[in-house]
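Notes follow the structure.
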Amino acid sequence: GLELSHCVGTNSLGPAGPWRSGGPCKMKRVRTVFKPEQLERLEQEFLKQQYMVGTERVDLAATLHLTETQVKVWFQNRRIKWRKQSMEQKAAKLSQFGVIQPASADSTDSKEHEEDPVDVEL
């Protein structure tokens with residue numbers, strides 16, 4: 001689940017968030033480190049389908065000894081990585097044929113359809 005570590009500071013700088021208390025002591029979430037076997041299975045599932053929902057996600061989380069949220073967030077982040085790789089491959093193919101894209105095209109093309117990277121686990 002969500003692991004929090006206490007900071008020693010007495011001042012709370014910045015707004016309270018999912019990993020930070022509003023009090024004098026900041027809380028910092030410990031980043032999940034996936035085991036190689038877990039990553040291999042997650043990648044296998046991603047190759048089959050980019051979206052994992054409902055009971056499939058619950059079952060996969062239980063099989064891998066992860067929380068459903070950890071699996072959900074991994075899939076969200078993996079889709080973002082996949083889209084970025086696809087855009088880079090598309091740009092490389094276009095440059096091979098002498099088609100030059102505007103410098104900002106990759107950052108504005110599909111902004112409204114992208115998901116924000118999320119790394120918060122509950």
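The values are calculated or read from the model by the stated rules, or taken from the named source; none is laboratory data. For clarity, every value in this text was computed on a predicted model and none was experimentally measured. Reconstructed Cβ throughout: ideal geometry from the backbone, glycine too, with neighbour counts over all protein chains shown. Each accessible area value is taken on the protein alone, full model and side chains, heavy atoms only, with ligands, DNA and RNA left out. Shrake-Rupley method; radii C 1.70, N 1.55, O 1.52, S 1.80 Å.
Quick rundown of the values:
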read-out: Residues within the range 41-71 that are in a helix (DSSP H, G or I) and either aliphatic (A, V, I, L, M) or over 14 Å from the mean Cα position of the chain (by Cα) (or both), tallied; value: 18
read-out: Given (1) at pLDDT below 95; (2) open to solvent by less than 40 Å² (accessible area, probe 1.4 Å), index of the condition Lys93 fails; value: (2)
read-out: The range 42-65, residues that are of a type outside the set (A, V, I, L, M) and exposed (fewer than 13 other Cβ atoms within 10 Å of the Cβ); value: Glu43, Gln44, Lys48, Gln49, Gln50, Tyr51, Gly54, Thr55, Thr63, His65
read-out: From Trp74, Trp82, residue being open to solvent by 90 Å² or more (accessible area, probe 1.4 Å), under 14 Å from the mean Cα position of the chain (by Cα), of a type in the set (A, V, I, L, M, F, W, C) and at pLDDT 85 or above; value: Trp82
